[in-house]
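Heads up: the structure comes next, in structure tokens.
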Amino acid sequence: MQSTRRLLKSLFFSVLLIPCIVTAETTVTFKAEDGTIPSDFLADIKQVSNEITLFFNWLAPINGDLKIVWANKIDGPLFDPGINTIQMPYEFATELYTLFSEDNYEKTGRSVDQATLDALQFILFHEYGHAYLNHNQIVVLGKEEDAVDNLATLLLLYFNDNGEDIVFSAADWFAISDEKTEAFEDGHFWDEHSLDAQRYYNIQCLVFGFNPEKYKNEYTDEQIEQGHDEYCESEHQRQLFKWLDVIAKHSHDITSEELLERIQQGQPLPAENK
């Protein structure tokens, strides 16, 4: 586990140098923004979105043309299978910025700008997970929203040098949202998403399982008594290798062991040659 983490973690930006030669690919488009978002922060959003799109086309390409569209006054964030598009409203970025700002998020040592970008990266990975499952007709036994939360968490942890910081910001987004919930209504329980607090703890569990030694003192006494520390480590590994199995099979037609070996040795992945 330790060696896998070391070998994969720094690959997120290095893969951007590898040309992706695929017949169908994911693309990102930025419609005109109405001026609400500062130009330098908008440039950061575009850079992050472009880098993530290249990453998708490298590690987990889908057999179809998928569009990521940033625009004003569109529904989202969401994946719309009817038009094969991930919709990212600029207003959502503004909402995230406001949420972190009102929480005085700088106290964590992470700036509001960076935390907002972190959460946006998480949601891009999350929505791509929906698109990936849809295109490959993969049936999830359980909540699909939880499944793609897991995928987003794992990909950010293993393929980004700052993955833990990014994922913690995303988890905090759910924690802050939960704190703002004054009362639960029926819709909170029948919604396809888990409760914000549950999403926070599920993501936290995968991070703790990512580096058990580093986070062994972060568990509460009750969690340790219930064996939650052991559960998080085993659940992390289970989720990681199940998702690797899925990506290896559906994107590259190889085994997860072959996928890991190719990544570790810097070899081209099969989808790059299609």
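Brief remarks on what is shown
- Across the stretch 133-140, a minimum of one residue is classified as among the aliphatic types (A, V, I, L, M), surrounded by fewer than 17 Cβ atoms within 10 Å (Cβ to Cβ) and either in a helix (DSSP H, G or I) or in contact with a helix residue (DSSP H, G or I) (Cβ under 8 Å, 6 or more places away or on another chain) (or both).
- Qualifying residue in the stretch 173-189 (condition: polar (S, T, N, Q), surrounded by fewer than 19 Cβ atoms within 10 Å (Cβ to Cβ) and at pLDDT 95 or above): no
- Restricting attention to the stretch 37-88, the residues being in contact with a Ser or Thr (Cβ under 8 Å, 6 or more places away or on another chain), free of Cβ contacts under 8 Å to residues at least 40 places away in the same chain and aliphatic (A, V, I, L, M) number 1.
- The stretch 223-274, residues that are touching a Pro at 6+ places or on another chain (Cβ under 6 Å) and closer than 15 Å to ILE203 by Cα: GLU233
- Verdict on ILE263 being surrounded by 14 or more Cβ atoms within 10 Å (Cβ to Cβ), β-branched (Val, Ile, Thr) and not in a helix (DSSP H, G or I): no
- Within the stretch 159-168, the residues that satisfy the criterion of being crowded, with 21+ Cβ neighbours inside 10 Å and either under 15 Å from TYR132 (Cβ atoms) or touching a residue at least 60 places away in the same chain (Cβ under 8 Å) (or both) are PHE159, ASN160, GLY163.
- Criterion applied to ASP118, ASP161 was being touching a Ser or Thr at 6+ places or on another chain (Cβ under 6 Å) and assigned to a loop (DSSP other than H, G, I, E, B), and the one residue passing it is ASP161.
- Spans of strands (runs of 3 or more DSSP E) in the stretch 25-105 with at least 3 residues under 16 Å from HIS130 (Cβ atoms): 66-71, 78-80, 85-89
- Evaluation of ASP113 against (1) closer than 17 Å to ASP165 by Cα; (2) in contact with a Phe, Trp or Tyr (Cβ under 9 Å, 6 or more places away or on another chain); (3) free of Cβ contacts under 8 Å to residues at least 60 places away in the same chain; (4) surrounded by fewer than 23 Cβ atoms within 10 Å (Cβ to Cβ) (one fails), failing number: (3)
- Of all residues in the stretch 97-110 being surrounded by fewer than 21 Cβ atoms within 10 Å (Cβ to Cβ) and touching a helix residue (DSSP H, G or I) at 6+ places or on another chain (Cβ under 8 Å), the one that is nearest to THR85 (Cα to Cα): LEU99
- The residues in the stretch 204-239 that are assigned to a helix (DSSP H, G or I) and over 17 Å from ASN150 (Cβ atoms) can be counted, and the count is 11.
- Among the residues making up the stretch 65-79, a single one is of a type in the set (Gly, Ala, Ser) and either surrounded by 21 or more Cβ atoms within 10 Å (Cβ to Cβ) or at negative phi (or both): ALA71.
- Selection within the stretch 66-97 - within 18 Å of GLN121 (Cβ to Cβ), over 16 Å from the mean Cα position of the chain (by Cα) and of a type in the set (A, V, I, L, M): LEU66, VAL69
- Remark: pairs (first residue in the stretch 241-269, not polar (S, T, N, Q); second residue not in a helix (DSSP H, G or I); Cβ separation under 7 Å; 6+ apart in sequence or on different chains) = VAL246/ILE138; ILE247/ALA60; ALA248/ILE254; ALA248/THR255; HIS250/ASN136; HIS252/LEU269; ARG262/LEU269.
The values are calculated or read from the model by the stated rules, or taken from the named source; none is laboratory data. Note that this is a predicted model, so its numbers are computed, not measured. Because the Cβ atoms are built from the backbone with ideal geometry, glycine has one as well, and the counts that use them run over all protein chains shown.
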